[in-house]
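Each reported figure results from applying straightforward, stated rules to the coordinates on display, with no laboratory input. Quantities reported herein were computed from a predicted structural model and do not represent experimental measurements. Every residue, glycine as well, gets a Cβ built from its backbone with ideal geometry; the counts of neighbours run over all protein chains shown.
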Amino acid sequence: MRVNKKEKIKKVLPLSFLKGLSFLKNRVFPKTHLGLIFRKNISKTKKLELTRNISLERCGDVETIFTFGNKIKYSGWILTREEIKEKLEKAECWLAIVNQEKVGGFWAYHGDIEIKNFPGLPAMIFGKNKKIKLEEKTAYICHEFVQPEHRGQGIGREMLYSFINFLGEEDSFKKLIVSMGANNGSNIRKWEKVGAQLIGIVSIRGFLGLVFRKEIFLDQKEKCWS
């Protein structure tokens, strides 16, 4: 039985040393990511067809959101009760329910947003440690999540379709924006299918713990934040 070089190295060098090398690699050698920004205009057109019996509900109950967040332990959902109360003042929480089970959800931000409070790539796409102000009746969709055991069943698509159908009947949000990594093919296709338009491409480069952001393309006419 042949043993590859990596396995030989693991046997010779201590685990702590290998972890240290991995840390240095991630810090010293720059990584470049591409972030995309999409915009979807809401209009009172024909409803999008749903293929699953899914219920999408706006949730303002702190305890329900707290319990769900602690169950899924997903970035953007792990919050204290006090943080949830503060978040609900500037965002709406939506939960997807199938057969009385909460299977997913997302947050829809509006007004002024503190990007520094967003984890990971979404924060860096717009510019870390800064605030943005969304135009009136504009929502930023983020922290989309589907329970692992329900993935691959179109739940994420159905959540988006249900939300757009709801907005088409209500005088609330008229523009949606969303950001994602360029390698997130399924999410890109989902938004393109509902007619979302690519309005921004951002290069994000990490080096020695620092983040460098460069706008490759941004459609100023379609930009709906300042």
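A compact table of results
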{"read-out": "Net charge, E135 excluded, C-beta distance under 13 Å - Lys, Arg +1, Asp, Glu -1", "value": "+4"}
{"read-out": "Förster-model FRET efficiency, 30 Å R0, T51 and K214, C-beta, rounded to 0.05", "value": "0.15"}
{"read-out": "Efficiency of FRET from Cβ geometry, T80 and C59, R₀ 25 Å, rounded to 0.05", "value": "0.90"}
{"read-out": "Ranked packing of 69-81, 170-182, most packed first, by mean Cβ within 10 Å", "value": "170-182, 69-81"}
{"read-out": "Given K44/K130; K102/K174; K47/K214; K40/K85; K85/K223, the pairs whose alpha carbons are separated by over 31 Å", "value": "K44/K130; K47/K214"}
{"read-out": "Cβ crowding within 10 Å averaged over residues, with 86-98, 53-65, 135-147 ranked highest first", "value": "135-147, 86-98, 53-65"}
